[in-house]
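I have placed the structure first, in the form of structure tokens, so that the comments after it can refer back to it.
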Amino acid sequence: MRATCMLKNSGILHAFRSWSDMIDERRQLRSAAARLRSPALSHAMRSWHRLAAEEIRQAALSQMSSLKQRLQQAEHDKQQLQIEMASRDEAHARQVQLL
């Protein structure tokens with residue numbers, strides 16, 4: 001009998017704790033929302049967002065510049081290899097003609 005009561009009470013206790021946690025979360029969310037509505041914090045968040053967006057943009061531009069340089073270097077290397085291959089082909093053709 002006592003064990004049955006304890007089981008029932010533990011279910012009630014669990015439900016009460018869940019409900020209490022939910023109420024606490026709501027209260028915390030309302031408190032955070034109120035703080036975010038304050039003009040100073042709102043301004044600070046907008047400023048932070050602008051700064052973060054600018055940093056991301058600068059990083060992307062820097063990476064793009066680096067990639068452009070690498071592409072130009074790769075194109076230059078490709079041209080040099082094509083010239084070298086053409087030179088080797090000509091030398092090989094001359095050797096074949098001499099034979």
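Quick notes on this one:
- By the helix-only formula, in which each DSSP H run with n ≥ 4 contributes -39500 (n - 2.57) and the sum is divided by residues, the chain has a 222 nm mean residue ellipticity of -36500 deg cm²/dmol.
- Between helix 2-37 and the chain: long-axis angle, C-alpha atoms, 0 to 90°, nearest 10: 60
- Charge dipole of the chain (Cα centre as origin; +1 on each Lys and Arg Cβ, -1 on each Asp and Glu Cβ, all else neutral): 1040 debye, rounded to the nearest 20.
- Global geometry of the chain, whether rounded, prolate or oblate, following the gyration tensor of its Cα atoms and the 1.5 cut on a/c: oblate
- Among LEU98, SER20, GLN58 - extreme Cα towards positive end, dipole of the chain, charges at beta-carbon: SER20
The numbers here are math on the coordinates, done by the rules we state, and not lab data. Given the structure is predicted, the values throughout are model-derived calculations rather than measurements. Because the Cβ atoms are built from the backbone with ideal geometry, glycine has one as well, and the counts that use them run over all protein chains shown.
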